[in-house]
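Working notes, beginning with the structure itself.
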């Protein structure tokens, strides 16, 4: 007779889910490491294996999604810790060109292919926006695993990803305006953009400067002997605030990391962040696999749309970002192009907004989700090969 | 115009909640440290402040409850890391006496006071079971903050808490049997008890012995350079399994900590567990405050029941556990008695089961919740005074 502990059944069921997902992700990691393949692909496939598509041990729920989001938040926080503002500013012009060209080409390509597939102009706008997005979490994890975070390629990708997120915000605002009201509220969009740009500028410039002037401030509270918890609170707060102004939460986490990095001479904080960076990210990678619905792709029509979108998404992003990054040299520019390819959750979010607005149907949504996942899975092995010729 | 990112609104709202709760808990911690008071009371009151009872910034939800549960799971995992099986066996007889006497007296007292308050015998059974429970999370945190984990008092409390949890399982099974079917299914209850005892014996004895024989096993996987993630996976798995066999999840976490402790000579793991032990427990303490519903206590009748239950709960637990622990000497035995006082979430869970069975009404439930919280808040200052005469 199992005791009916009603008050805790849900909570203990969720802890079972967390244990299953973490253990599965690490088994996938282990298998792929032994095969000499990228560990994060192993974690994604492990999520697919335990998810509804195959074994059905776990389903996505709000708690798992929060753990996944904290996974990518702590990836970008870690990346921010390895990044200095002046180094970002040094690649600023190149990152700007990569960001703009890496959005313009996929947008044009996405709009064109959508019209060619017979979609109307509002639907094409959402498809184009979904193809323009960049999800920097996967690429950051690959760069970190190759020890390549402190390279110009990495900084250019990170800077361009921040710019892409602001541009995606604009595109989505315009698309939603057109879908919902048949017109664009220029004042409201300008306000959104102002908030987003102001957020980035205020914390990147002001936050870093404030920390340079008072590098001991995170150690001031008595509740903690190290700056660890104050730094984590700053990370969560800026992630939440970034989401509130319409940006990706990871942009806030990245800025928090850059701010905290200014205190590193006082207290090496990486040793304490490392366990969180080990604990949470597997939930992010596994969730990508858990959310994969294989049934959606048995329809030949969907597969055709998926193939077209994916081909355009990869080609336009690589070419656009490569063109923007040519100043770095051919191989590095190509690495930047490949590094910008993953759409990850950002493309899926934009498609979800389109579905909410009633302009993206089920087949298109499945195709965009598939495109986001394929671009996410395809980029890491290529990036490893470009940055680390010794790897296989 | 806020961008309606439907797919992520819930997740980013939950991350806002986490940031608010963690920041508030640490502000409460800071204030209480500066006042020279127990930090965890500051964290509980901070939860009360941001919760529905006062400011209403956050409400309990499944994700917050999972973070709270992981908080107490990592407290007990940490405590287990500081505990050796042979040290537990050395206090085994005393812990057994404390566990049995510390359940028998509160049970008898709770049953008596419930009948005196005019409740029927089935309701009295649930009240008695709720008064018998022990929640070891709060006491563990106090013992840790005083550096007293490696004392005989601490080990006796931990051993007795394991025994209490098994006894509570029996009492709840009997109470549910009587409430639901009007009779007790002896076979089913024997099976429950067998599972619970078997779980504890198998992992305490077998798990520790297996780890002694192969202390390097947690470092075998290639996915991780340290035993950190394998240890965390073991912790979550045993916590989930303990909950599945009807025990508290923290019992599994404690056993996992004891097992992992056997590998410490190979690799000092505490440095890597410490950040999780800093990150999660504030959610546990703050959640206690968030769940506090002050409105329930404006009714004079409820306050009377609450006062009676709390007085009986404290007196019977202190006297019972003290009597069981007399072999340790007067002051140490009293510390054990006080350390067993907090009912925490265990008392609330039992009351919740009674409510589900329809034998605990709203007023009684509020009184039991209040009793659980009062016993939880009252114990830490007393325990500090007993164990550390220097700290006021």
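The values are calculated or read from the model by the stated rules, or taken from the named source; none is laboratory data. Since this is a predicted model, take the numbers as computed values, not measurements. Methodologically, a virtual Cβ is constructed for each residue, glycine included, from the backbone with ideal geometry; neighbour enumeration extends over all protein chains shown.
Here are some notes:
- Flag set for residue B:194, criterion: surrounded by fewer than 20 Cβ atoms within 10 Å (Cβ to Cβ) and modelled with pLDDT of 85 or more.
- Any hit, the stretch B:320-329, residues being at pLDDT 90 or above and over 15 Å from residue B:96 (Cα atoms): yes
- Among the residues of the stretch A:132-160, those that are in a loop (DSSP other than H, G, I, E, B) and surrounded by fewer than 24 Cβ atoms within 10 Å (Cβ to Cβ) comprise A:146, A:147, A:148, A:149, A:150, A:151.
- Tally of residues being buried (at least 20 other Cβ atoms within 10 Å of the Cβ) and touching a residue at least 60 places away in the same chain (Cβ under 8 Å) across the stretch B:98-121: 12
- Filter result for residue A:59 (more than 7 Å from chain B (Cβ to nearest Cβ), surrounded by fewer than 18 Cβ atoms within 10 Å (Cβ to Cβ), within 23 Å of the chain's Cα centre (by Cα) and within 23 Å of residue A:295 (Cβ to Cβ)): yes
- Total residues in the stretch B:298-324 satisfying the condition of being in contact with a helix residue (DSSP H, G or I) (Cβ under 6 Å, 6 or more places away or on another chain) and farther than 18 Å from residue B:113 by Cα: the figure is 4.
- Meets criteria (at pLDDT below 95 and away from chain B (no Cβ under 13 Å)) for residue A:91: yes
- On the stretch given as the stretch A:288-304, residues that are surrounded by fewer than 23 Cβ atoms within 10 Å (Cβ to Cβ) and in a helix (DSSP H, G or I) total 9.
- Scanning the stretch B:23-38 for residues that are within 7 Å of another protein chain (Cβ to nearest Cβ) and either buried (at least 23 other Cβ atoms within 10 Å of the Cβ) or at pLDDT below 85 (or both) yields a total of 2.
- Among residues of the stretch A:349-366, those that are more than 8 Å from chain B (Cβ to nearest Cβ) and more than 9 Å from residue A:179 (Cβ to Cβ), counted: 10
- Residues of the stretch A:333-349 satisfying the condition of being under 20 Å from residue A:70 (Cα atoms) and in a helix (DSSP H, G or I): A:344, A:345, A:346, A:347, A:348, A:349
- Identity of the residue in the stretch B:245-274, more than 12 Å from chain A (Cβ to nearest Cβ) and surrounded by fewer than 24 Cβ atoms within 10 Å (Cβ to Cβ), that ends up modelled with the lowest pLDDT: B:266
- Scanning the stretch B:174-188 for residues that are at pLDDT 80 or above and either buried (at least 19 other Cβ atoms within 10 Å of the Cβ) or touching a strand residue (DSSP E or B) at 6+ places or on another chain (Cβ under 8 Å) (or both) yields a count of 1.
- Near pairs, Cβ below 6 angstrom, 6+ apart or cross-chain, from the stretch A:215-244 (more than 7 Å from chain B (Cβ to nearest Cβ)) to any residue that is modelled with pLDDT under 85 and in a helix (DSSP H, G or I): A:227/A:218; A:227/A:219; A:230/A:218; A:231/A:218
- Of the residues screened, residue A:202 is one that is closer than 24 Å to residue A:78 by Cβ and modelled with pLDDT of 90 or more.
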